[in-house]
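Computed from the coordinates by the stated procedures, all read-outs in this text should not be read as laboratory data. Everything numeric in this text was worked out from a predicted model, so none of it was measured. All Cβ positions, glycine included, derive from the backbone under ideal geometry; neighbour counts span all protein chains shown.
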Amino acid sequence: MSWSWTLYRYLAYQFLGAVGAIIGGLCLLAFSIDLADAFNRTSQKDMPSEVVIGMSALKLPHLAGELLPFAVLFGAILAFSRLSRSHELVATRAAGISAWEFLAPPLVVALGLGVFAMAVFNPVSASLLSRYASLEAKYIRGQASQLAVSRTGLWLRQGGIKEQSVVHALRVSDQGVHLEDVIIFLYEGRDRFAGRIDAVKAKLETGKWSLSKAWVSGPDGLPQLHESYDLPTDLTPAQIQESFASPNTISFWELPRFIANAEAAGFSAARHRLHWYSLVALPLLFAAMVLMAASFSLRLSRLGGLPQLVLAAALSGFAVYFFGDVTQALGISGILPAPLAAAAPAALAILVAMTLLFHQEDG
């Protein structure tokens, strides 16, 4: 094994160790804040402490995924500044190692972390966050409705302890306000069948579903035709949208099928499509964070001023984050194509960072 491979492995370990230390500290801080907020929100709910702690633990992997880009940025800053202050960076550059060779190991590690976060970590965090969302809806928000979309159309449960109904529709329009080819199963209590309604159309109005050409049958199974029939409901269009699964609760591998089913049922899946492309762009984003850190930190040996350079790199990272919020809003509204909206922040950060590095190395 040549000495260069030994150096590359050392640089990779230095970067990976720094990222691990940063993400550990950020996760501890995030868990503490989220746990305090959870206890505050459930103070009037009389929930056992172990349930509240368990819910925060279920949410922690999602928080870690959100913080991982910042961990890569600050980890790279920590690793590069440490190498610079110990003069290891000066020694490697004096030995003829260019900045691009020096950055190769951290970039490879960052790309690997991005692939791991996309393909392995995201399905785990999505599953745990889905469980957390169910518990939050049940115990904290008191949300009774649940919505699911499959190849057979839309399924929606509404009601409470005394009575509930399960609504099925083959087609949906206006984000769940209008349904077509509707079947409603009525229940008393949790599981006692109380009747069925078959209707051509249903419209969600204030406090009711307004059904057209509805065949209503009781437990005896004898149907009666009603040209119009009203079924009471507490649902609102906003609640239906809230019941729609959040993109963060769906695995990277399941999102394409979910998007296809949602669009086939008549729902807009713009948020989910953009989220999927954002996951695909994670390796690119992590590489951008490394290059941004390097464009500032590698100047330390020449210019000095660690606090100023670290602050500048941190502000640049937050600028990418806020620019990402803007492009996501444009992507959801349809102004930008979803792939462009997802990849634009990372691509812009890479171009700016590489411009600075080329200027330092060759300018």
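Let me know the Kirkwood hydrodynamic radius for the chain, please, with Cα pairs as the basis and the value in Å to one decimal.
It works out to 23.7 Å.
Please compute the contact order of segment 146-234 in relative form: average sequence separation of alpha-carbon pairs under 8 Å and at least six residues apart, divided by the residue count, as a percent.
18
Please list, in chain and number order, the residues 5+ apart from His226 or on another chain whose amide H is under 5 Å from its amide H, with Hs placed from the backbone.
Ala214, Trp215, Val216
Helix 338-362 versus the longest principal axis of the chain: what angle, 0 to 90°, nearest 10, using Cα atoms?
Approximately 10 degrees, to the nearest 10.
Within the chain, what is the longest stretch that has no trypsin sites (Lys or Arg not before Pro) placed in a DSSP loop and near at most 13 other beta-carbon atoms within 10 Å?
191-363
Taking 8 Å as the Cα distance limit and 6 or more residues as the minimum spacing, I'd like the relative contact order of the chain as a percentage.
Computed over the chain, the figure is 17 percent.
Across all directions of projection, what mean area in square nanometres is found for the Cα convex hull of segment 1-139?
10.1
How far apart, in nm, are the 7 Å Cα→Cβ label points at Asp181 and Thr236?
If labels sit at Asp181 and Thr236, their model points lie 3.2 nm apart.
Roughly speaking, what is the stretch gain from Phe322 to Glu188, that is 0.36 nm per residue apart minus the C-alpha to C-alpha distance, in nm to one decimal?
This chain segment gains 43.3 nm when fully extended.
Taking the Cβ of each residue in Thr236, Thr6, Thr249 as the centre, tally the other Cβ atoms inside 10 Å and list the residues starting with the fewest.
Thr6, Thr236, Thr249
When Rg is the radius of gyration of the Cα atoms in segment 146-234 and Rh is its Kirkwood radius, what does Rg/Rh come to?
Result: Rg/Rh = 0.94.
What's the extension gain from Arg82 to Ala94 if we count 0.36 nm per residue and subtract their Cα-Cα distance?
So the extension gain works out to 2.6 nm.
Could you run the Karplus curve 6.51 cos²θ - 1.76 cosθ + 1.60 with θ = phi - 60° over segment 87-99 and give me ³J(HN,Hα) per residue in whole Hz, x for Gly and Pro?
Values per residue, Gly and Pro as x: 6, 5, 5, 4, 5, 5, 5, 5, 7, x, 7, 6, 4 Hz.
Once you place label points 7 Å from the Cα toward the Cβ at Lys201 and Tyr10, how far apart are they in nm?
Output for this residue pair reads 7.5 nm.
How many lysine pairs does the chain hold where the Cα atoms are under 23 Å apart and the two sit 8 or more places apart or on different chains?
9
Between Leu348 and Ala119, take the C-beta separation as r, use R0 = 30 Å, and let me know the FRET efficiency to the nearest 0.05.
Result of the calculation: an efficiency of 0.75.
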